[in-house]
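Working notes, structure below.
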Amino acid sequence: SKQIISATNVILAAGSVPIELPFAKFDNKLIVDNAGALDFTSVPRRLGVIGAGVIGLELGSVWRRLGSEEMVVEFLDRILPGMDADVAKTTQRILAKQGMAFKLSSKVTGVAKNGASQKVAIEPAAGGAPTTVDAEVVLVAIGRTPYTEGLGLETAGVQLDNRKRVIVD
């Protein structure tokens, strides 16, 4: 059934979903999002983390303290983009002392499932020779995108931009 509701202002709060890489689709066993990283039944021997934002670092540091080896790959030249540079630098020092390894100014170009191990292909962001690291599990934490699929927004006349965000006035 249809219902028409009138209002002066409307807030659309449908939430968000993790951004998925085209070459690393979530199966929440070997390639996981933030929810999948909370659902492990055992500590991964080696965890690859794509993205050095708050979610990737928080979940990576939890599993590091439980015994997992960590490799965090970040496209930008620093962790915690958008935060104060001194805070980010201090946080990186603390996490490195805890055993987390970082590959900054680097991009992941592929994840190949290889039995119980994932081969993570990494290249310098500015170009250069690729390298490969092994990970038992890969956590993709590169951000979130608005949840707008299947809400009937187009039918209601709500316009979206090219990043699936609602165009607002």
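The values are calculated or read from the model by the stated rules, or taken from the named source; none is laboratory data. What you are looking at is a predicted structure, and each value in this text was computed from that prediction instead of being measured. In this analysis, Cβ positions are derived from the backbone assuming ideal geometry, glycine residues included, and neighbour counts consider all displayed protein chains. To get the accessible areas, we keep the full protein, side chains included, count just its heavy atoms, and leave off ligands, DNA and RNA. Shrake-Rupley method; radii C 1.70, N 1.55, O 1.52, S 1.80 Å.
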Can you name the residue in the range 78-98 that is farther than 19 Å from Val62 by Cβ and among the basic types (Lys, Arg) and is also surrounded by the most Cβ atoms within 10 Å (Cβ to Cβ) among such residues? Arg78
Examine the range 63-75 for a residue that is among the polar types (S, T, N, Q) and part of a loop (DSSP other than H, G, I, E, B), and state whether such a residue exists. yes
Return a yes/no flag: does the range 10-29 have any residue that is open to solvent by less than 20 Å² (accessible area, probe 1.4 Å) and not small (Gly, Ala, Ser). no
Is it true that Lys107 is under 21 Å from Gly56 (Cβ atoms) and out of contact with any helix residue (DSSP H, G or I) (no Cβ under 9 Å at 6 or more places or on another chain)? yes
Those residues of the range 123-143 which are crowded, with 20+ Cβ neighbours inside 10 Å and either among the hydroxyl-bearing types (Ser, Thr, Tyr) or in a strand (DSSP E or B) (or both) amount to Ala135, Val137, Val138, Leu139, Val140
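Conditions tested, residue by residue: (1) free of Cβ contacts under 8 Å to residues at least 60 places away in the same chain; (2) under 13 Å from Gln98 (Cβ atoms); (3) in contact with a strand residue (DSSP E or B) (Cβ under 6 Å, 6 or more places away or on another chain); (4) surrounded by fewer than 20 Cβ atoms within 10 Å (Cβ to Cβ).
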site: Ala35; (1), (2), (3), (4): yes, no, no, yes
site: Phe40; (1), (2), (3), (4): no, no, no, yes
site: Pro44; (1), (2), (3), (4): no, no, yes, no
site: Glu58; (1), (2), (3), (4): yes, yes, no, yes
site: Gly67; (1), (2), (3), (4): yes, yes, no, yes
site: Met71; (1), (2), (3), (4): no, no, yes, no
site: Leu76; (1), (2), (3), (4): yes, no, no, yes
